[in-house]
Every structure is written in structure tokens, then in C-alpha cells.
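J.: Encoded as C-alpha cells, here's the structure I'll be asking about.
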């Protein structure tokens, strides 16, 4: 987990295409390169731009107008409507409730899976036992499975847990959260996120000097003391990477959300957004749809803008191991 | 760290406890395993156990509800038969054909655009810090948001087509998103838009990691820039190609949300991928056994790509 080399653009390795050719050729060369780069930048920005301007337009302006044009009389109405009034299925109370649902699901899921990943990574690097590689291999493969292959059994188990929750509710007046869709999703995301968080911390702690741990051990520090006093204070970067990675993944998840909380009050943001857009009653309010999509995208975009470097590092760690 | 040094030395602790290891010290010894155990157990049960469960269901007569009636390979035979049912196409035929088209084009274009942009960005570009995040931000969006944005953008009545009509190019037609033969290509477009920037980042990191000495030597030998890239740099990027391919291929097989959000499955399910097939058959068409069989086939597809890769990675590490 070294810093990505491309974080410093002026590296000596930058490979110049037109080193010792003529001056005129060199200028044309530069123009073509910059032209292509800017063209692609425009292509990448286009959908976001269209989404953004559309969300500030009135419906009249959308129907007659050019999707690339800036709004003539910008209005916040669509945003307000998306947040507080638009219909998700049959309930018309906006997407705000679903936004909070997502948040209530994401925060505990991220914290629990990250902390467990840290402990697992610590054990798998500093307290190795026979077969540690097999254990890691099995956890690693779990990152890559198509979730379709566990979707149905999990639905069955969550169903039984839910029925048990109802029994508890009837007997003692509390279900202890069993059967609550948000709790279910937290559980599911922790379980299926463990592989990634473990991978991140394992690779990070692999490079952490074992001598420090050995020295502390000889001094009599316990397993948890070493973790708390030595590992944790040195883990900030990987914590940031893992939290961002998990946050983005869980916030953006749609498959689990639609399978286990696909209807009713407790759906997460992604499912609600999909329902808003596909609600076919009456006139389709594109500006409201776009505002809703922007609201759904904002948390992860914000994370990307604030901590883009760590975001990329997380993606790469998930892709290129070591 | 000083606090660690002042704690009681471990040797005295052992002397206190005598020759026989006490329960306490045994517990201390087992502690790391105890800490790891819940996570590992969760993975074993909820990943591997559930995969076996899904495999079991695929051998039963399960329809709307899980059943334990053994039905042998019937579901797989069905899928096998559907594999060749091309006119009219069965849902499975559509799904796997789409998988082939989408998988190939998605991986190919992401690699091509990613590599191209990385090479261009590696030419001592002013403003690289501005351009790089622009190529990469789509990766932070959810597939649902991407789908909604592109659905609007590609809608013939509202988006690109309408805009070009308004600008005077009235003969322009682009209705792929409503056309059952072309809808899968719109999924490719949106998918490539989302992931190619990430591939660019991988290639760029790879390019910046190449030893500058090799380049200088080649230039002194009179290699043209084109030769330099074709003969030296791109071959050196082989590991990046491999990682990018693995990531993209496995993302392609897992793709599900994008099809739902962008096309709602396409006209008559014409945009389905196997993941959509699985979801629909399992949860909407009450054919749980067939759905499970398709999930197992997906898993085998991903395993064929991932297992050799992970195996070689882990073996290399332990050496």
C-alpha cells in the first residue's frame, strides 16, 4: 500500500512522445494531445452536467428545450419536491426518509466491518497460525463471488429471523431489532464486506514492522494492548481508505437493498430512486427525477471530492493486491 | 509506546503461574484465533454454506418456495436447452448472448480508453490534477444514478436526439435504448463511461512505476516514440493489463443494477444479463430452482477467472 506514484505529476519518468522531433511537429502534437484530453473530459462531464442543469429547470423548459442549455429561470422547486413530496411507489413524502434509511444502514455497517477487518488483518499478519494463508484465501475469494449465489439462502434466513422477531415482540414486547430491514442490511453488508476490509488491513499490516510487535510482546503487552497502542495509532491512512471504500459500496448497493428491503418504509436510497424514476403515474417529472438522482449521488460525490486520493487508493487496493 | 515498556515482563507472569499452563494463559494464546473466528465463521457459513445451499436448491423442484424434492439436473438441462433456443430467443439465450456482447465490449473499451487516456496524461500535461478527477468521478456514483442519468441522456424524445433535432440536425436518429436489438449497447456505453476512468488510473500508476532508465536507453538507441510504447512500455504494463482485466471481467459478470436502472430490463427483457435472469426467475417468476442454477453458473464463470489469479497471487506472496 504505497502512495500511488501518479500523485506527483512531475515525476522524472513522464514519458514524452515528441522528444527529438521538429518544433512544428511538436506543437501539433501538443495540440492533439490536449484536444483529446479535453474532449474526453467533456464527454465524462456531460451526463453530470445534463443531470445538474435539468434538475434546476421547470418542466415547460425541459419539454421544449435543449438539454445542454443552462436553465433560463433556475428554480430549486424540483429539489424541494424530490426531497419532500415526490412519490416513491404509493407514498408521496419525498425521498428524505430513504436518505436517512441509507445513512442509518451505512454508518453502523461501515464501522463494524472496518473494525472487524482491522482485527482480522492484525491477526492474519502478526499472530499467524498454521493455515493462515488458507483462511485468508477463503476470505479473499468471498470478495469476488456474484452475490446472486447467496441471495436466496440469505433471504430465507432473514425471513426466519424476522418470524422469530415477531414471536419475541409478541412475548416480550421487543423484537430486539430482529426482522428490521435496516438491521438486516447492516448485517448483510458487514458479512459481505468483511472480505474487503480484511484484505485492506492485512495488506497494510503486512508492511508494518513485526519487530515492534515482538518487542511489545516481550515487554508483556497483551494482544489487545498491542492492537490499541501500536497498530491503531499507525493505521489512520488505511482506516480512511477502508471507510471510504465501504461507505461508497454500501451506499451504492442496489442488489441486497432491493432483495431484502425492496418495498415499504425502510428501503434505502438507491431502491427509492429507482422507484421514483420508474413510477409511471401521471406526467414524468424529469427535473424532479434528476434532482433525486443528484441527492442520491451527493454523499459519495462529496466523499470523492474531499478525499479522492484515498478513494482511488481503495479501489486500487481492491484491484491490485499488495 | 512507553506504556507498553513499563508493563510487567512476560517471564514473571509465567513463573507466577507455575509449570502447568493455566486456563488464563491458554486463553491468551488462543486469543488471536478467537478474535478471527467470528469473521471466519461468518464467511464460511454465509458465503460457502450459502453457495452450497444455492447449489442444493438448483437440484430440487423449488418454485415459489424452497423445496427439498430432489429433481436432479433438470434445471441445468432446461438452461442447456434454452442456450440454443435462439428464435424466438429464450430469456436465457438473450442473457448469455448479452453477457458475451457486453463483457467483450465493456472490457475492451475500458482497457483501450483507459490505456489511451493514461498515455496521453503521461505527456507532462499541465492541468493533470484537474483532468484526472474528471475521468474518475463516475466510479464514485452508484449504478442506479449512472443509469438514471444515461436513461435521460439517451432517451430519443428528450436527450441527445431531441437536442440535435432542435439544433437543426433532424435526420439524426438514436433510439438504441428503446430498440431490443441495440439496447445492450447502451449498457456498454454507460458501463464504459463509469469504469474507464478507473482503468486509466490503474494504467497511469503503472506507467509512472516504469523505470526511467529503460526509457532513456531505448531513446538513445534511436527508438521512435511509437516504437517506445509498442515495444517497451506496453509490454511492461502486462501486470496492469492482467489486474484490470480481472477487475473488469468480474464487474461485468456481476453487473445487475445498471441494466435495471438504465433499461428496466429492456423491451421484453432484451437487455437482461444472467444476473437479471437469476433475479427475475428466482423472485418474480417463481422458478427458484432454475434461478439457483443460473446463479451457480455465474459463480462458475467468475471462479474460472478469479481462482487461478488469486492462487498465483497468494503463492507468489508466500514465496
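J.: Residue B:261: touching a residue at least 40 places away in the same chain (Cβ under 8 Å) and part of a loop (DSSP other than H, G, I, E, B), yes or no?
T.: In short, no.
J.: To continue, here is another question. Quick one: how many residues across the stretch B:292-319 are touching a residue at least 12 places away in the same chain (Cβ under 8 Å) and more than 7 Å from every other protein chain (Cβ to nearest Cβ)?
T.: 6
J.: Residue B:147 fails exactly one of the following numbered conditions: (1) surrounded by fewer than 24 Cβ atoms within 10 Å (Cβ to Cβ); (2) in contact (Cβ under 8 Å) with a residue 24 or more places away in the chain; (3) over 19 Å from residue A:61 (Cα atoms). What is the number of that condition?
T.: It fails just one condition, (1).
J.: Hey, another quick one. Going through the stretch A:119-145 one residue at a time, which ones are at the interface with chain B (Cβ under 7 Å from one of its Cβ atoms), in a helix (DSSP H, G or I) and surrounded by fewer than 19 Cβ atoms within 10 Å (Cβ to Cβ)?
T.: A:133, A:137, A:138, listed by residue number.
J.: Still on this structure: Exactly one condition in (1) touching a residue at least 60 places away in the same chain (Cβ under 8 Å); (2) not in a helix (DSSP H, G or I) is false for residue B:126; which is it?
T.: So the condition that residue B:126 fails would be (1).
J.: In the stretch B:180-236, which residues are outside any helix (DSSP H, G or I) and within 22 Å of residue B:103 (Cα to Cα)?
T.: Those that are outside any helix (DSSP H, G or I) and within 22 Å of residue B:103 (Cα to Cα): B:180, B:181, B:182.
J.: Now a separate question. For the stretch B:265-280, does any single residue satisfy the condition of being modelled with pLDDT of 90 or more, out of contact with any strand residue (DSSP E or B) (no Cβ under 8 Å at 6 or more places or on another chain), buried (at least 17 other Cβ atoms within 10 Å of the Cβ) and over 28 Å from residue B:59 (Cβ atoms)?
T.: The answer is yes; a qualifying residue exists.
J.: Please enumerate the residues belonging to the stretch A:56-78 that are at pLDDT 80 or above, assigned to a helix (DSSP H, G or I) and surrounded by fewer than 13 Cβ atoms within 10 Å (Cβ to Cβ).
T.: A:60
J.: Here's another thing I want to ask about it. What helices (runs of 4 or more DSSP H) lie completely within the stretch B:30-121 and have 2 or more residues being surrounded by fewer than 19 Cβ atoms within 10 Å (Cβ to Cβ) and away from chain A (no Cβ under 12 Å)?
T.: Correct list: B:74-83, B:91-121.
J.: Hey, residue A:228 hits all of (1) touching a helix residue (DSSP H, G or I) at 6+ places or on another chain (Cβ under 9 Å); (2) surrounded by fewer than 23 Cβ atoms within 10 Å (Cβ to Cβ); (3) more than 7 Å from every other protein chain (Cβ to nearest Cβ) but one; which does it fall short on?
T.: (1)
The values are calculated or read from the model by the stated rules, or taken from the named source; none is laboratory data. Keep in mind it's a predicted model, so treat the numbers as computed, not measured. Here the Cβ is made from the backbone with ideal geometry for all residues, glycine too, and neighbour counts use every protein chain on show.
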